[in-house]
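These notes concern the structure reproduced below.
Every number here is computed from the coordinates shown, using simple stated rules; none is lab data. Owing to the predicted nature of the structure, the values given are computational and were not obtained by experimental measurement. Note that we place each Cβ from the backbone using ideal geometry, even for glycine, and neighbour counts take in every protein chain shown.
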Amino acid sequence: MGLVIAIVVALVNAASDGGSRDGAAPRGGADVPAIATNGGALALGNATAPVKLEIYLDYMCPYCGQFERANNAELNKMIVSGSARLELHPLSFLDRMSSGTAYSTRAANAVATVADRAPGKVLAFNAALFADQPKEGSSGLSDEEIAELAHGAGVPQDVVDLFADRIFQPWVATSTAAAFESGITGTPTVKIDGAAFTGDLYTAGPLTAAVTSAAASTESS
């Protein structure tokens with residue numbers, strides 16, 4: 001518990017340091033991605049979808065990589081079909097596991113930038129980051145490698161060029177702190193309509209079945 005508290009305090013302090021397009025603290029607080037929720041998530045999919053699916057992840061987390069590789073195709077189907085709307089929480093608490101390069105923050109900032117400027121490419125970029133996920137404890141991917149993955153996912157060049165500005169780094173920090181303060185203790189954490197999913201996260205099928213069941217319950221009520 002002491003370690004988690006220390007991480008949260010460090011994240012709050014990092015957020016207060018700010019950073020914006022011109023290097024100055026943004027007026028009125030940190031920049032927020034256009035599709036961000038008040039709860040610190042990136043909202044993807046049809047807002048009227050019957051089920052809200054929340055996913056908390058860190059791009060350095062190996063278990064998040066396992067979850068993504070098992071469920072990516074199903075998640076895309078659920079979002080495209082309109083059976084679920086996704087709230088993606090990119091966290092940065094594993095910065096300490098990237099040999100001083102703050103990989104989790106850099107990756108999350110890149111995803112937030114894409115969410116702000118090219119939201120239709122978020123899921124493809126998210127999948128690309130996990131497909132080429134660095135090992136926990138390594139220095140992570142370089143900024144150039146992150147940019148290359150974004151290009152491969154179809155992110156426009158003018159959006160990729162913004163990664164280096166770290167526009168959303170303060171937002172990532174405050175959102176991560178808020179996640180821990182709300183009771184999140186690790187990643188991946190998945191919630192269906194606010195309730196923690198306790199089934200198998202690492203095999204395709206169980207999460208989809210749970211979302212389908214929740215959607216059916218919503219439609220019949």
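Structure data summary
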{"quantity": "Dipole moment magnitude, nearest 20 debye, segment 39-115 about Cα centre, only Lys, Arg, Asp, Glu C-beta charged", "calculated": "80"}
{"quantity": "Leading residue at positive end of dipole, the chain (Cβ point charges), from Ala147, Ala210, Thr113", "calculated": "Ala210"}
{"quantity": "Nearest-ten-degree value, helix 62-81 long axis tilted from longest Cα axis of the chain", "calculated": "60"}
{"quantity": "Dipole moment magnitude, nearest 20 debye, the chain about Cα centre, only Lys, Arg, Asp, Glu C-beta charged", "calculated": "320"}
{"quantity": "Nearest-ten-degree value, helix 143-152 long axis tilted from longest Cα axis of the chain", "calculated": "40"}
{"quantity": "Per-residue [θ]222 nm for the chain (sum of -39500 (n - 2.57) over DSSP H runs n ≥ 4, rounded to 500)", "calculated": "-14500 deg cm²/dmol"}
{"quantity": "Difference of contour (0.36 nm per residue) and Cα-Cα distance, Ser99 to Thr212", "calculated": "36.6 nm"}
{"quantity": "Rounded to 5, percent antiparallel among DSSP beta bridges of the chain", "calculated": "55"}
{"quantity": "Estimated FRET transfer efficiency when R0 is 35 angstrom, pair Glu219-Glu136 (beta carbons, to 0.05)", "calculated": "0.30"}
{"quantity": "Angle between the chain longest axis and helix 169-181 axis [Cα atoms, degrees, rounded to 10]", "calculated": "50"}
{"quantity": "D (Stokes-Einstein, µm²/s), Kirkwood Cα radius, the chain, 0.692 mPa s at 37 °C", "calculated": "188"}
